[in-house]
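Student: Before anything else, here's the structure in question.
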Amino acid sequence: MAVSNRAQLVLGVDAQGAKALGRTQSLDGTEPAPTEPARTSNSRLDWLDEEIAQMDHIDRSLTLLLLDGLSYRDMVETLGISESNIGVKINRIKARLINKSKETHAHGP
């Protein structure tokens, strides 16, 4: 199971699942790994980043793990909550983001 650097930062775990010291490190431990790849500005991605940043710890973690392509089973192993609970939370997160997106784009940023 691979967890992105960004998810590692939010979850506070390194690639082996041990607690990190607030940042990820390269495999040889000499310097911090980049936290996320550079990208061009995109208002929808910026909006999504802002919404994710406002979520509570578990919802933010689930969202980032989902965006990283992890299966529900992998999320169970990472977060320690039941697969059915993950499914319910993800459906609620998606519904909340869809509603906020409609409101934001209907009224403007």
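The values are calculated or read from the model by the stated rules, or taken from the named source; none is laboratory data. Because the structure is a prediction, the values reported are computed rather than measured. Note that each Cβ is placed from the backbone with ideal geometry, even for glycine, and that neighbours are counted across all protein chains shown.
Student: Look through segment 66-109, keep the residues that are over 18 Å from D46 (Cβ atoms) and not in a helix (DSSP H, G or I), and return whichever of them is farthest from the chain's Cα centre (by Cα).
Tutor: Selected residue: S82.
Student: Which of the following residues is out of contact with any strand residue (DSSP E or B) (no Cβ under 7 Å at 6 or more places or on another chain), among the aliphatic types (A, V, I, L, M) and modelled with pLDDT of 95 or more: L79, L65? Steps first, please.
Tutor: Numbers: L79 fails: modelled with pLDDT of 95 or more.
Every option except L65 fails the conditions.
Student: For segment 42-53, what are the residues that are surrounded by 10 or more Cβ atoms within 10 Å (Cβ to Cβ) and closer than 19 Å to L79 by Cβ?
Tutor: If the condition is that a residue be surrounded by 10 or more Cβ atoms within 10 Å (Cβ to Cβ) and closer than 19 Å to L79 by Cβ, then I52 is the only one that fits.
Student: Looking at segment 53-78, which of its residues are in contact (Cβ under 8 Å) with a residue 40 or more places away in the chain and touching a Leu at 6+ places or on another chain (Cβ under 7 Å)?
Tutor: Of everything in segment 53-78, those that are in contact (Cβ under 8 Å) with a residue 40 or more places away in the chain and touching a Leu at 6+ places or on another chain (Cβ under 7 Å) turn out to be S61, T78.
Student: Which of the residues that make up segment 93-106 are surrounded by fewer than 12 Cβ atoms within 10 Å (Cβ to Cβ) and basic (K, R)?
Tutor: K102
Student: Can you name the condition, by its number, that D28 falls short on among (1) modelled with pLDDT under 55; (2) touching a helix residue (DSSP H, G or I) at 6+ places or on another chain (Cβ under 9 Å); (3) acidic (D, E)?
Tutor: (2)
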